[in-house]
4 protein chains.
Amino acid sequence: MSNFLRNSLAAILAAGTMALAAPAQAADCNHSAYGEGDEIGAANLITPERVIAASKLVKEGKTHPLGIVIDPDMPAFPPRGMMLQVIQPNQQFGRDLTPDLGWDMVYNDDVAQLWLGIGPQLDGLGHLGHAGMFYNCHEGAEISAVTGLKKLGIHTIPPLVGRGVLVDMAKHFGVETMTAGQPIDGADIEAAAKDQGVEFREGDIILLHTGWTDATLESDPQAWVGGEPGLSNEGAEYLAGFKPVAVGADTWGVEAVPPKEGDKVFYGHVTFLKENGIFILETMNAGPLAEQGVNEFMFVLGQARLKGAVQMLINPVAMW
Amino acid sequence: MSNFLRNSLAAILAAGTMALAAPAQAADCNHSAYGEGDEIGAANLITPERVIAASKLVKEGKTHPLGIVIDPDMPAFPPRGMMLQVIQPNQQFGRDLTPDLGWDMVYNDDVAQLWLGIGPQLDGLGHLGHAGMFYNCHEGAEISAVTGLKKLGIHTIPPLVGRGVLVDMAKHFGVETMTAGQPIDGADIEAAAKDQGVEFREGDIILLHTGWTDATLESDPQAWVGGEPGLSNEGAEYLAGFKPVAVGADTWGVEAVPPKEGDKVFYGHVTFLKENGIFILETMNAGPLAEQGVNEFMFVLGQARLKGAVQMLINPVAMW
Amino acid sequence: MSNFLRNSLAAILAAGTMALAAPAQAADCNHSAYGEGDEIGAANLITPERVIAASKLVKEGKTHPLGIVIDPDMPAFPPRGMMLQVIQPNQQFGRDLTPDLGWDMVYNDDVAQLWLGIGPQLDGLGHLGHAGMFYNCHEGAEISAVTGLKKLGIHTIPPLVGRGVLVDMAKHFGVETMTAGQPIDGADIEAAAKDQGVEFREGDIILLHTGWTDATLESDPQAWVGGEPGLSNEGAEYLAGFKPVAVGADTWGVEAVPPKEGDKVFYGHVTFLKENGIFILETMNAGPLAEQGVNEFMFVLGQARLKGAVQMLINPVAMW
Amino acid sequence: MSNFLRNSLAAILAAGTMALAAPAQAADCNHSAYGEGDEIGAANLITPERVIAASKLVKEGKTHPLGIVIDPDMPAFPPRGMMLQVIQPNQQFGRDLTPDLGWDMVYNDDVAQLWLGIGPQLDGLGHLGHAGMFYNCHEGAEISAVTGLKKLGIHTIPPLVGRGVLVDMAKHFGVETMTAGQPIDGADIEAAAKDQGVEFREGDIILLHTGWTDATLESDPQAWVGGEPGLSNEGAEYLAGFKPVAVGADTWGVEAVPPKEGDKVFYGHVTFLKENGIFILETMNAGPLAEQGVNEFMFVLGQARLKGAVQMLINPVAMW
């Protein structure tokens, strides 16, 4: 076959990633405060000064993994799921690798089939939008090739380093765990923060502790994924106003489900991701920090930079 | 069916994870210096003092992602491979989510099928051993269930935080990139470290820069994965002697391939993982540090804690 | 959590499979001749009489697998791909199953990650449509849940049994193999069929042999998938006129790629699937039949009935 | 890098598929009656005469799919599982393909992650053996590469065509469904066959109906997979004595689980696969045949020929 023919099909097939039909549902959009074409949103707020300041929060030398252990069997937002296999390539039935390698090496490898939005996860700016439009006037139809996001992929996000702050909302409400659908408004956060001596600053990573995952994930996994306490639409707006780099919680979706009466379910994701370029951190292991009364810490997240991925399994590190 | 019957099959099936036949190939083993039963090896060396000391290395406020971008098409140690799909659940053919959610939300999700030992990766202590035996007298046959390692899983590893040091071996040899199979001996490291003002301390994370990935991954991916410069068996012993938490390089396997004459290929993995509980960091993006002459930095790695996984895609963060 | 809350989320999540927004791009559609609501199209033409007649074509007692061997590494329409692992559960490093099972059983299992439209495949009626609309006025937005087609899934198709006929188009054109983009018009088929003594009847399974896969798949796999000889738009109409149950060829897409001048690429799929409910059989191993001059045979296809799947790897059996 | 170096790693890596260490557990073995080196076992019994004879069993023109519908959520022998996604490549958020293809084509594709031993399945001769040894003295360590079986792969099996016979064991025992662990001995089969007018002949495909799957799969899926009625070890020997091509049942494993007292669980698989090269057909949809009293039929199975696969999802066709 001539190169002409081969290339002609290649062109047909590749076209899907280049051309764009007029969008049926383009929404109004405002370009990001970080500039037209910006893809990293509030990560722009990470400055050398803030990184240095964050490092100074390490006073006791303690560390904490903010990612819980991800059990392949744990529930997730439908229809997400996962399978994992640990295998021993070329060592079937005790086969010795000596003939291959000259010595009797043994090794395990692993293969996973998984939706990336499972357990502790980072929502990139290409995850969720409104009326066809994502962060910074990036149209979903234009940026979302099946082989990977062409813009706003998880790989574009620089290390998220900064001052982490924790607000213990369960403590504020005087409970071990908040309940599914229980909303968190700005006034609640404000009061809790004041009580707990937490001040929000630009460039922070803000975590909320509700007690939900500690209380339900093991004991009633279907309840865990079937609802959650969390931010009201107004609560999300309130937090976004502080210009954090990221907002997270110890729940699978950060927002109240079912939503507060009158709210749009999951609309806080639009407030954070699309409107403000603020990253979302889900299923954060905030309980141990709450228990120890740790409200301020150095936060470091380096997510695996899988090209074009939308979300990523993560394990940010808190240090104080 | 009676519970008796159901349980009897459950017992049959589960037995594989409990009973153990006499191993055909049990090797001699020495229990770890960190104690019988220990699963985290050199991560025991991470102390509050060292975490604090590491945090003080953040002087300029700079950060660097040590994980390169993982292209689903990049080569890997055979037969490892990966596929990724970005999809729009329930939004097929522009279907509007308003009837489901009450507003016109749009979102992307992603599904991956992948071997976890691809690109920038952390080798857990259950990855590689010798003669059937892994770190701390853990027998491969006993710890390696198909559904996940029962011991030494990647999820057991605490945040790896410490003083990172970089030795630029390419600079030492006066080249842009070392060549496949070019060995790095202890004397080479010693000389390079001395020249570059690098001192090794217990609890460090030690990275070597060879130039290999920067020089070949894009231009000749098959060459990249077909060989690599790296540690000789003796070089691995030399580094292990400093009691680092982890050793890494900008190559897919840290060691020279083909191996130095007289060496056992990949045997440094035994020295690090099995003999000393030292973690291995592969395909680290060390080039930018080498270019900027950054030899000392705060190193933070929180790997996604997938239960029972052997390896993990990672992106440690260097800060200085 | 109350059942109310749990159910409320369940309702939100499930709604995606029940509600339907007004389609943006609904095309005109004609209900199928087989009745409103019909999902199996031309499979309705399979009658007891025709099954009996087909069985009488088995005269020599010969059988032939129409599915070629599917190599996990074979190319496919982008971005389709596949990985396969053969593994030995619970037998890691030669572990003996006797403690589990009471005797020393050994076994292999296998795991695959694959796009179903690879190699020899059956296109179901939910695979391809026009302007948002599939066979029998089924709207894509309505029938295509991410967890599986709600209508027209591959599992709905009854055994495809009937009279198979083969037309050797390569022979007609006097070549070993036709070339990529070389079109097959109705007149070509008519002439070839006449020369070769082939008569088309309602309910047939019609296969075309072009020589393409035999000539290129092994020797130049990228050429193989980069183009193909095949039906022109008119040629597809011509064949559909005979009311076959299925049409297939020894190419990955049945139609000419690049298309005949003036043709719409892949539009024959609309003619077959959407307009006529005729199934498509791709990458059929027609060469051995052509070589032996077998033009008429009993055709039997039982595709694995994966619920909601769109396509399926197949291996129909020809018998004569 | 020189070709020498590249090839040296290739050799290291490929060696795993060529060399073989002395097997630790080699069992005694008897070469197959079909000849040393034979890979297709009882498929050798399929002769033109038998194919012709089978075709003559098609008297009423009826067809029946022997594969049940495979729900991705159905249970399977642990840890087997499956996920399926139906997606719309390059049509994200209603994106129109016209710019790519010149017209407004729409299409669905599908991706699956699955263990191949799920639901209605064919066990190839490389699936199960004894003491390291499989059919015809093929050693597991030698034939079982991680990328696919090197011998006895599912792709080597020719179309399984022959006379199918059904014995209704539930009817014999006077029940709708037999119970988990209820054994079927040779005497039971003999009596049932006599009552039901079934005669066994060399080259047959023999199916047993127990009622198990019809009775439990939907109503209590965990019970379904947690046990099953089926052949005793002696019952398997009895059937093997008739030299069938394949033996199947309407259960996930053909044999009684828990096994008959004194039996080895699953040992019938050794009798069929390893000792006699007889294929096993699991989870066959035998109920409708039993209901209609169909005891003899033409059986045609063309399994998708995935290279090196161990098992395959199937849907054999019964015709009478």
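Every number here is computed from the coordinates shown, using simple stated rules; none is lab data. The structure presented is a predicted model; accordingly, all values stated were derived computationally and were not measured. Cβ: placed from backbone, ideal geometry, glycine included. Neighbour counts: every protein chain shown.
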Cα shape, the stretch A:178-315, gyration tensor, a/c 1.5 rule:
rounded
Which aspartates and glutamates have a Cα less than 15 Å from the Cα of D:LYS59, not counting those fewer than 8 places away in the same chain?
C:GLU49, D:GLU296
Ellipticity estimate at 222 nm from DSSP helix runs (n ≥ 4, -39,500 (n - 2.57)) divided over chain D, nearest 500
-5500 deg cm²/dmol
Quick one: Cα centre-to-centre distance for the stretch D:185-232 and the stretch C:54-92, in angstrom?
28
Can you pull the mean other chain C-beta count within 10 Å for peptide B:255-262?
2
Would you please give the residues with an amide H less than 5 Å from that of A:ILE184, counting only those at least 5 places away or on a separate chain, with H modeled from the backbone geometry?
A:GLY230, A:LEU231, A:SER232, A:ALA256
Once a ≥ b ≥ c are taken as the square roots of the eigenvalues of the Cα gyration tensor of the stretch D:229-268, is the result rounded (a/c under 1.5), prolate (a/b larger than b/c) or oblate (a/b not larger than b/c)?
oblate
Can you give the FRET efficiency for C:LYS56 and D:GLU261, using 1/(1 + (r/R0)^6), R0 = 45 Å, r = Cβ-Cβ distance, to the nearest 0.05?
0.35
Within the set A:LYS62/B:LYS194; A:LYS171/A:LYS260; C:LYS307/D:LYS150; C:LYS62/C:LYS274, which residue pairs have Cα atoms separated by over 24 Å?
A:LYS62/B:LYS194; C:LYS307/D:LYS150; C:LYS62/C:LYS274
With θ taken as phi - 60° and the coefficients 6.51, -1.76 and 1.60, list the Karplus ³J(HN,Hα) couplings across the stretch C:83-99 in order, rounded to whole Hz; mark glycine and proline as x.
9, 9, 10, 9, 9, 10, x, 6, 10, 4, 6, x, 3, 8, 7, 3, x
Is there a quick way to get the dipole size of the protein assembly as shown? I mean about its Cα centre, with the Cβ of Lys and Arg at +1 and of Asp and Glu at -1; what is the value in debye to the nearest 20?
0
Roughly how far apart, in whole Å, are the Cα centres of the stretch A:138-167 and the stretch B:291-308?
20
HN-Hα J couplings of the stretch C:29-39 from phi, Karplus 6.51/-1.76/1.60, θ = phi - 60°, integer Hz, Gly and Pro as x?
8, 10, 5, 5, 5, 8, x, 4, x, 4, 10
GNM, chain C, Cα, under 10 Å: largest mean-square fluctuation among C:GLY81, C:GLY162, C:GLY67?
C:GLY81
Taking the DSSP beta bridges in the protein assembly as shown as the whole, what percent of them are antiparallel, to the nearest 5?
70
Computed for the stretch A:74-187: size of charge dipole around the Cα centre, +1 on C-beta of each Lys and Arg, -1 on C-beta of each Asp and Glu, debye to nearest 20, value 320
For chain C, built as a Gaussian network whose Cα springs stay under 10 Å, the top-fluctuating residue of C:PRO158, C:PRO288, C:PRO79
C:PRO79
Rounded, prolate or oblate, given the Cα gyration tensor of chain D, with a/c below 1.5 counting as rounded?
oblate
Give, rounded to the nearest 20 debye, the magnitude of the charge dipole that chain C has about its Cα centre when Lys and Arg contribute +1 at Cβ and Asp and Glu contribute -1 at Cβ.
1000
A:GLY117 long-range amide H proximity, modeled H, under 5 Å:
B:ASP110
Assume the label is 7 Å from Cα along Cα to beta carbon: what separations in nm does A:GLY37 have to the matching positions in the other copies?
5.8, 6.0, 6.6
Positive end of the charge dipole of the stretch D:25-72 (Lys, Arg +1 and Asp, Glu -1 on Cβ, about the Cα centre): tell me which of D:ALA43, D:SER55, D:SER32 has its Cα farthest that way.
D:SER55
Along Cα→Cβ, 7 Å out, is where each label goes; now give me the distance between the ones at D:GLU36 and B:ASP220 in nm to one decimal.
4.5
Take B:VAL175 and A:ASP73, extend 7 Å from each Cα along the Cα→Cβ direction, and tell me the distance between the two endpoints in nm.
5.1
